[in-house]
Amino acid sequence: MRRKARNLGGGLLAALALIGLAAPIRADEALDLGRLRLTDGEGQAVPSEQLDGKFVALYFSASWCAPCRHFTPILTEAYEAWRKDGKDIEVVLVPFDRTPDAARAYLAEMPWIGLEFDADRVQELSRRYQVRGIPTLVVLDSEGEVVSLTGREEVMRHREDAIERWSRAETAAIGPVRQADALPGITREGGAAY
């Protein structure tokens with residue numbers, strides 16, 4: 001039985017609202033980081049080799065999302081501290097925006113790179129990592145293995161020290177994540193988060 005998502009003005013958003021009803025892709029399977037098509041805020045292609053040997057933090061976010069607008073400066077501050085300290089980490093925006101232009105404009109406000117706008121790829125990654133709400137930060141190691149599905153919460157609590165926890169794997173066990181319980185985000189009818 002399928003429930004209808006509340007109309008929030010976008011087909012992508014409505015489709016993502018139904019993700020929780022689909023069979024999830026296993027998050028314990030490594031993501032092939034070389035398959036990611038990356039871009040910068042100017043729309044220029046970025047080689048996936050830029051991710052080699054680094055933690056990769058997939059940042060599921062959108063320009064229209066108020067909680068994302070609150071979290072982005074906090075993540076930016078942590079990211080800039082990591083870069084200053086020579087930490088091997090790259091943040092990659094996974095855009096929930098409705099159009100390529102909106103995603104590109106949002107990415108241009110950030111100091112990191114992003115996934116090329118592709119609604120199917122966003123949906124695939126959202127299912128793989130059980131994304132139920134935005135903003136969400138999923139942290140992968142250099143091999144594409146999940147280190148944390150709760151990176152947002154860890155950055156909120158530990159700021160730039162979160163990377164030390166990821167390095168020591170002191171994160172929550174991998175499994176179903178109830179993001180709506182951790183911090184407020186965008187939700188659909190019935191209280192389940194996107």
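Since every read-out is calculated from the coordinates, none of them should be taken as a lab result. Predicted model, so just to flag it, every value in this text is computed and none were measured. Every residue, glycine among them, receives a Cβ derived from its backbone with ideal geometry; neighbour counts consider all protein chains shown.
For this structure, a couple of remarks:
- nm² value of the averaged projected area, convex hull over the Cα atoms of segment 60-168: 6.4 nm²
- Order of Arg165, Arg159 - criterion: other Cβ atoms within 10 Å of each residue's Cβ, fewest first: Arg159, Arg165
- Fewest neighbouring Cβ atoms within 10 Å first, the residues Val147, Val139 line up as Val147, Val139.
- For Glu160 and Thr99, a Förster radius of 30 Å and the Cβ-Cβ distance give a FRET efficiency of 0.35, rounded to the nearest 0.05.
- Cβ-based exposure ranking for Leu33, Leu93, in which fewest neighbours within 10 Å come first: Leu33, Leu93
- Built amide H within the under 5 Å cut-off of Glu116, gap 5+: Arg37, Leu38, Thr39
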